[in-house]
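Nothing in this text is a laboratory measurement; each read-out follows from the coordinates by a stated rule. Bear in mind the structure is a predicted one, so any value in this text is a computation, not a measurement. So basically every Cβ, Gly included, is an ideal-geometry build from the backbone, and we count neighbours across all protein chains shown.
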């Protein structure tokens, strides 16, 4: 008997030091690249969006893949692609960590809309506040001062 699953995840990660380097021209190309990478892993891309300093990815991945490996490969492959093609003015890197949340089937539509509305949303809230709010909403313990540890400016 086969395995029948739909394991949907909401992934969130930012640029290193939260630098605003994912400009409006790069975003659709980056999102297409991320989608292609997920499809190459036999995953499904539900939605990708973000603003200049971070991305949100709604994806369903096969049960044979470890989530940490998927995120590692997404970040490594996309940063290599950006750098190899000179798509940012300086060397591009993602932040060290990431956030990942499971998403119930009934919440997929609402989350898709949230991801599509990132530009509007971030007129009112910073990425740091958004990230902390997601952790709070999902009952994940953290110390605010350590959220982006090792990524202090200066």
- Packing-ranked peptide list from 33-45, 120-132, highest mean Cβ count within 10 angstrom first, is 33-45, 120-132
- Of 84, 136, how do they rank once you tally other Cβ atoms within 10 Å and put the fewest first? 84, 136
- Using alpha carbon centers only, segment 93-120 is separated from segment 23-73 by a whole-angstrom value of 11
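At R0 = 22 Å, how high is the FRET efficiency between residue 69 and residue 3 if r is their beta carbon distance? Nearest 0.05 is fine.
Details: r = 18 Å, r/R0 = 0.82.
Efficiency for this residue pair is about 0.75.
Multiply the residue gap between residue 120 and residue 137 by 0.36 nm, knock off their C-alpha separation, and tell me the result in nm, one decimal place. Intermediate results must be reported in sequence, preceding the final value.
Values: separation 17, 0.36 × 17 = 6.12 nm, distance 2.06 nm.
Answer, rounded to one decimal: 4.1 nm.
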- Under the Debye formula (equal points on every Cα, no solvent term), log10 I(q)/I(0) of segment 32-154 at q = 0.19, 0.20 Å⁻¹: -1.35, -1.48
- Message: Given the DSSP H assignment, sum -39500 (n - 2.57) over each helix run of at least 4 residues in the chain and divide by its residue total; what's the result at 222 nm in deg cm²/dmol, nearest 500?
- Response: -11500 deg cm²/dmol
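Using a Förster distance of 22 Å, how high is the FRET efficiency between residue 23 and residue 83, based on the Cβ-Cβ distance and rounded to 0.05?
Values: r = 15 Å, r/R0 = 0.70.
According to the calculation, E is roughly 0.90.
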